Amino acid sequence: MEQLLWPEGAPNALGTSDEDKPTITAYLVEGEQRPCVIVCPGGGYRSRANHEGEPIAKWLNSLGISAFVLKYRVAPYRYPNAKLDVQRAIRTVRYQASQFKIDPTKLGVLGFSAGGHLAATAGTSFDFGRANDEDPVEQMSSRPDLLVLCYPVITMKEPFLHEGSRYHLLGENPSNEEIALLSQETQVTEETPPTFLWHTSDDASVPVENSLQFAVGLRKHRVLFDLHVYSTGRHGLGLAESESHSSLWTNACESWFRFTEFISNKKY
């Protein structure tokens, strides 16, 4: 079930094609007051990887979590449009919580690679709703309740940036202010949600230091986090089903969901 985030047209839209119309696609689990996660596929802010969308939603469903795959705007769109899209998705799901049968206080954002940067942005740049806005969706909070960051792009700074992501998000010559603002390791605060991170130590596209630096920011501000670094594995693994070791990230993440009481049947 695909749904437009802005039925009357997205802000800053460059046209009327499908790529100009951000959406969420719902993968709902039966039952009431389900936890839910918005999934942000990676793709260097140039595209969105299919294997980091629907398969992830179905895995979340297997844990009893409803999922929403976000089609956010990518190049030629630049900052802040993808951020507006993920914030709108969070607000929309909360606004329609009763329709989706989800718990609006258990809403996470999960992202891969550049989608991980977008998820991290959602966790560091949010508001609690604009009470006087004429659009009731905009009255909802855009703060996620937790983050899952999978081999995420985090920094826009040398030497650990992913050049393609920075180029497609900020253009060829971003200002120092833009680089600082979008380097999420420096944007963490005490209000950043609890975070699960995983990466591989030999990731050749997005250096593991991206996850390490975000974890340092979380630690500095005493935000609860799990950090899992696997010895080896190429970038873009998704569920990593072909990997005997790094595929265990899904088990670790499920354990963390239970530890944080995001899902029930706590085993501790």
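Computed values, structure above
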| read-out | value |
| --- | --- |
| For the stretch 31-174, convex hull volume per residue from C-alpha positions, Å³ | 106 |
| Charge dipole (the chain, unit charges on Cβ, about Cα centre) - positive-most of SER47, ILE154, HIS245 | HIS245 |
| Listed pairs LYS21/LYS220; LYS21/LYS106; LYS106/LYS220; LYS101/LYS157 exceeding 32 Å between Cα atoms | LYS21/LYS220; LYS101/LYS157 |
| Of (1) 15.1; (2) 11.7; (3) 13.8, the label for mean projected area of the Cα convex hull in nm² derived from the coordinates | (3) |
| Rounded Å value of the spacing that divides the Cα centres of the stretch 108-150 and the stretch 1-77 | 13 |
| Among GLY238, GLY15, GLY171: highest mean-square fluctuation, GNM of the chain, C-alpha pairs under 10 Å | GLY15 |
| Exposure proxy ranking, count of Cβ atoms within 10 Å, fewest first, for GLU52, GLU177, GLU191 | GLU177, GLU191, GLU52 |
| Highest-MSF residue in the chain out of GLU185, GLU172, GLU54 [GNM, Cα springs under 10 Å] | GLU172 |
| Rounded to the nearest 20 debye, dipole of the stretch 73-167 from Cβ charges on Lys, Arg, Asp, Glu | 140 |
| Contour minus Cα-Cα distance for LYS58 and THR25 (0.36 nm per residue) | 10.7 nm |
| Highest-fluctuation residue, ALA114, ALA67, ALA97 considered, GNM on the chain with Cα pairs under 10 Å | ALA97 |
| Burial ordering of TYR45, TYR77, fewest other beta-carbon atoms within 10 Å first | TYR77, TYR45 |
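FYI, it's all coordinate maths here, none of it is from the lab. Note that the structure is predicted; figures quoted are calculated from it, not measured. Cβ: placed from backbone, ideal geometry, glycine included. Neighbour counts: every protein chain shown.
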